[in-house]
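The values are calculated or read from the model by the stated rules, or taken from the named source; none is laboratory data. In this text, all values refer to a predicted model and were calculated from it rather than measured experimentally. Cβ coordinates were reconstructed from backbone atoms using ideal geometry, including for glycine residues, and neighbour counts include every protein chain displayed. For accessibility, only protein heavy atoms count, side chains too; no ligands or nucleic acids. Shrake-Rupley method; radii C 1.70, N 1.55, O 1.52, S 1.80 Å.
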Amino acid sequence: MAMGMRQAWRTLREVDLGAIKAEAEQRFGLVLIGEPRSTAHLAETLSARPGQRGAHPWIVQLPAGDASGLQAALARHEGQPRLALLVTRSVEPGAEAQADLSRLRAAGVPALTVLLVDGAAEILGAALPRSGETGRALLPAEPDAEALRDLAPALLAATENARGLRLALARQLPALRGPIVEDLVEEVARTNAGYAFSTGLGEALPGVGLALGLADVLVLTKNQLVMAYRIALAAGREGSPRELLGEVAGVIGGGLLFRQIARELVGLLPVIGILPKVAVAYAGTRLIGRTVQLWADEGQRLELEELRGLYAEALAGGQRLARELLHRRGPSEPSAARRADGPDPAASQTP
């Protein structure tokens, strides 16, 4: 049983897919400040695409302390998401860097310091942000695309309140795509797990289990489809919202999504309990996210054995999260705790 376009569209009828697409395609300003050779190398590494070279045209490179150049660059991207990377080999910011940080702070632009010093991790406190820095990342002197993963934690923290910028960065700069998509998938998986946990507690009330179960399926499926749509946009996929959603539905249709819904339905039964339900909601979302990521970014389709391996790994993480959520809840819900344990979902449910 495969998911049809009509079913997918009906599930997302309340979601503004056009707005999400506009978010992904929006222009942004990324300013790299520092010694020209270092900023040029970082700009090209961020921009690298197969068969192409050079830096993305939305990346502005400036020497440290260029007040007029920075003012012009920020004005050029006024009204658009903006982010600055201060590229340096000095653990402590000098006078010019401090001046640049002050200008960026006054303009409301997040500023990350990228410290290009081999062995900097051995310097006590080198990774801690200094005054005016939104965050800090330690990279090799000449970082490659793989090393840029170390930039991801600071980048994600700096864009916490500008999530549209994350999607646009992933779409335009392939080197940042993997960490941004992985964070998106983890966030949605945890959201679905938390939702499944909260409604699982509600099922302790007589007569409401079935209603909550049907609502769960709709909410979890909608979150998964929106996540998959965002991943496709982050990977640079083109087309109208309806066309993209059709492609996404084709990738996760083929029985995968509906088998996941079946697992969720089983997990919603009060006799099974909360822990398996939460674990399945988390694992299924992770599996769908990874499936769409590999298709959208690499054109790769997973074989059944690969899906089973990914699902088993995600399920283990979901079980840990479920226990963590139950532990946080404490003894205030004794009836839910008594119903928490159930049969191992990995024993009878495989992709």
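Looking at segment 71-96, which of the residues that are of a type in the set (D, E, K, R) and more than 16 Å from LEU32 (Cβ to Cβ) is modelled with the lowest pLDDT? If you could, list the steps in order and put the result at the bottom.
Restricting attention to segment 71-96, the residues satisfying the condition of being of a type in the set (D, E, K, R) are 76, 78, 82, 89, 92, 96.
Among the residues that remain, those that are also more than 16 Å from LEU32 (Cβ to Cβ) are: 78, 92.
Details: GLU78: 89, GLU92: 92.
So, considering only residues that are of a type in the set (D, E, K, R) and more than 16 Å from LEU32 (Cβ to Cβ), the one modelled with the lowest pLDDT is GLU78.
Of these, ARG130, ARG190, which one is open to solvent by 20 Å² or more (accessible area, probe 1.4 Å), in a helix (DSSP H, G or I) and farther than 23 Å from ARG27 by Cβ?
On the way: ARG130 fails: in a helix (DSSP H, G or I).
Answer to the check: ARG190.
Taking ARG149, is it among the charged types (D, E, K, R) and over 23 Å from LEU46 (Cβ atoms)?
No, not satisfied.
Report, by residue number, each residue of segment 138-161 that is part of a loop (DSSP other than H, G, I, E, B) and open to solvent by less than 40 Å² (accessible area, probe 1.4 Å).
First pass over segment 138-161, keeping only residues part of a loop (DSSP other than H, G, I, E, B): 140-146, 159-161.
ALA141, PRO143, THR159 - these are the residues of segment 138-161 that are part of a loop (DSSP other than H, G, I, E, B) and open to solvent by less than 40 Å² (accessible area, probe 1.4 Å).
From the set of residues in segment 236-281 that are at pLDDT 80 or above and assigned to a loop (DSSP other than H, G, I, E, B), which is surrounded by the most Cβ atoms within 10 Å (Cβ to Cβ)?
It comes out as ARG237.
Which number in (1) of a type in the set (Gly, Ala, Ser); (2) modelled with pLDDT under 90; (3) closer than 18 Å to GLN61 by Cβ marks the one condition that ALA121 misses?
(3)
Which of the residues belonging to segment 32-79 are farther than 15 Å from ASP100 by Cα and among the acidic types (Asp, Glu)?
Selection gives GLU44, GLU78.
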